[in-house]
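S.K.: The structure follows.
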Number of protein chains: 2
Amino acid sequence: MSTSRAKTRDIGRGAVREELARTAFPLFCDRGFDEVTFEELAAVSGVSRSTFLRYFGSKEEVVLFSFDPLGPQMTEVLLGRPAHEKDWPALRHALAPATAFLNRDPSEGLALLGLIGRTPALCARLREKQAGWRPDLARALAERPGARPGPDLPRQALAGAALECLTVSLEHWASTGGDTDMDELIDDAFSAFTD
Amino acid sequence: MSTSRAKTRDIGRGAVREELARTAFPLFCDRGFDEVTFEELAAVSGVSRSTFLRYFGSKEEVVLFSFDPLGPQMTEVLLGRPAHEKDWPALRHALAPATAFLNRDPSEGLALLGLIGRTPALCARLREKQAGWRPDLARALAERPGARPGPDLPRQALAGAALECLTVSLEHWASTGGDTDMDELIDDAFSAFTD
DNA sequence: ATCGACTTTGACACTCAGTATCAAATAAGG
DNA sequence: CCTTATTTGATACTGAGTGTCAAAGTCGAT
């Protein structure tokens, strides 16, 4: 069947992307994102420049594609929160996939955030990704069980603010070397709106 | 004196930038940001490609440099708010320079936001700029008259949320063709956190 | 008005990201 | 084994952004 062939192909593609990104990451950290060319990445990975470029639409994607699943995951968590829970606490719980992703291997998460933080191009692209998650979270807020109908704008604002809380918390977490608990930081950021 | 010479030089530089950007803007709107090259911009403006590039570090700057004053302006407004005013309302007032900038000529503001909205590279860069304003706003929150000392994170979160309210409001304003009042939209976004 | 120091300009060359094309290699299915 | 679809790598190209240099322009001082 053609759909199953396509499916296995995508799985293989994903695995290759992960492998290529894994070999590329140390180079970025050592020499700086801007100082590494596709040619070197290809050489280190043992494929041609053409092939490397076919797996990643841009150099930024090599670093940031691993964030892609977070948007859908956060949306799913949000939709699964109980009906009686208020929007703001529900959004707080929806950030769990992000913290889980970075806490899986904290030292690597730290290296990743550090690299992004000192590379403007990566900051910009990650923010772009986050901005793409916001409408989905807002829609999930509208569709959650027990949601009251109303205008869209406040939900967009809440979703955007929640993601911004995540951003500032991660920034602070990375700047302190990861020795504070990430979830406590996010709680602090969130509580700025409730007390 | 060398400082006054330098000052007049910077004024001249700013005027040239404004002029170059003015002639470039219609081209971007007509043909799309990515389809216009520096060579064409230079040709239309009557300067060489080299000169054009010396005035703008990147093509995105040609469109976005006009947002640069907003950060300092918003910070200044925030610092001038009365001591008894709570942080959130004060931040609401601090967004005034942004609305003023776009409402000065609404149809041009609409064209500007439209161009940005349909150009991912411009979205990303503008978000980068906004992200740069956030720490300044947070610092202003800490330094405003009557500020209570405390951890930095909540202030960063508040400042980031305020800017996000601005973003979603402008997005909504642009998507509805500018026929709703911008300040009412921002009020709606802000009130999502107070009711 | 002319000189001399400084700045701006434009021409040129260069690196690298990203796109497109095509032929050879390779894998999968019958 | 053969056919067909996919992947790969080689090559060439456009355009962004950087750097250098010599010519042109600016401005103050004499």
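The values are calculated or read from the model by the stated rules, or taken from the named source; none is laboratory data. Since this is a predicted model, take the numbers as computed values, not measurements. Virtual Cβ from ideal backbone geometry, glycine too; neighbours counted across all protein chains shown. Areas reflect the complete protein model, heavy atoms only, side chains present, ligands, DNA and RNA absent. Shrake-Rupley method; radii C 1.70, N 1.55, O 1.52, S 1.80 Å.
S.K.: Can you name every residue in the stretch A:143-155 that is crowded, with 21+ Cβ neighbours inside 10 Å and either closer than 28 Å to A:Gly109 by Cα or more than 7 Å from chain B (Cβ to nearest Cβ) (or both)?
M.R.: A:Arg155
S.K.: For A:Thr167, are the conditions met, namely being part of a helix (DSSP H, G or I), polar (S, T, N, Q) and more than 10 Å from chain B (Cβ to nearest Cβ)? Give the derivation first.
M.R.: On the way: part of a helix (DSSP H, G or I): yes; polar (S, T, N, Q): yes; more than 10 Å from chain B (Cβ to nearest Cβ): no.
Against the criterion (part of a helix (DSSP H, G or I), polar (S, T, N, Q) and more than 10 Å from chain B (Cβ to nearest Cβ)), A:Thr167 does not qualify.
S.K.: What number of residues within the stretch B:170-187 satisfy the criterion of being within 15 Å of the chain's Cα centre (by Cα) and at the interface with chain A (Cβ under 9 Å from one of its Cβ atoms)?
M.R.: The qualifying residues number 1.
S.K.: Of A:Phe38, A:Phe56, A:Phe65, which residue is away from DNA strand C (no atom under 11 Å from the Cβ) and under 26 Å from A:Ser107 (Cα atoms)? Don't jump to the end; show me each part of the working.
M.R.: On the way: A:Phe38 fails: away from DNA strand C (no atom under 11 Å from the Cβ); A:Phe56 fails: away from DNA strand C (no atom under 11 Å from the Cβ).
Just a single option satisfies the conditions, and that option is A:Phe65.
S.K.: Turning to a different aspect of this structure: Would you mind finding the one in A:Phe28, A:Phe38 that is closer than 24 Å to B:Ala121 by Cα, surrounded by 19 or more Cβ atoms within 10 Å (Cβ to Cβ) and in contact (Cβ under 8 Å) with a residue 12 or more places away in the chain?
M.R.: Details: A:Phe38 fails: surrounded by 19 or more Cβ atoms within 10 Å (Cβ to Cβ).
Result: A:Phe28 is the single residue among A:Phe28, A:Phe38 that is closer than 24 Å to B:Ala121 by Cα, surrounded by 19 or more Cβ atoms within 10 Å (Cβ to Cβ) and in contact (Cβ under 8 Å) with a residue 12 or more places away in the chain.
S.K.: Tally time: how many residues in the stretch B:47-59 are open to solvent by 30 Å² or more (accessible area, probe 1.4 Å), touching a residue at least 24 places away in the same chain (Cβ under 8 Å) and near DNA strand D (Cβ under 10 Å from one of its atoms)? So that I can check it myself, show each step before the final result.
M.R.: Here is the first cut: in the stretch B:47-59, the residues open to solvent by 30 Å² or more (accessible area, probe 1.4 Å) are B:47-51, B:53-55, B:57, B:59.
Checking the rest, the ones that are also touching a residue at least 24 places away in the same chain (Cβ under 8 Å) come to B:47, B:55, B:59.
Those left that are additionally near DNA strand D (Cβ under 10 Å from one of its atoms): B:59.
Number satisfying all stated conditions: 1.
S.K.: Can we say B:Val44 is away from DNA strand D (no atom under 11 Å from the Cβ), touching a helix residue (DSSP H, G or I) at 6+ places or on another chain (Cβ under 7 Å) and not small (Gly, Ala, Ser)? Spell out the reasoning first.
M.R.: On the way: away from DNA strand D (no atom under 11 Å from the Cβ): yes; touching a helix residue (DSSP H, G or I) at 6+ places or on another chain (Cβ under 7 Å): yes; not small (Gly, Ala, Ser): yes.
Considered against the rule, which asks whether it is away from DNA strand D (no atom under 11 Å from the Cβ), touching a helix residue (DSSP H, G or I) at 6+ places or on another chain (Cβ under 7 Å) and not small (Gly, Ala, Ser), B:Val44 comes out as yes.
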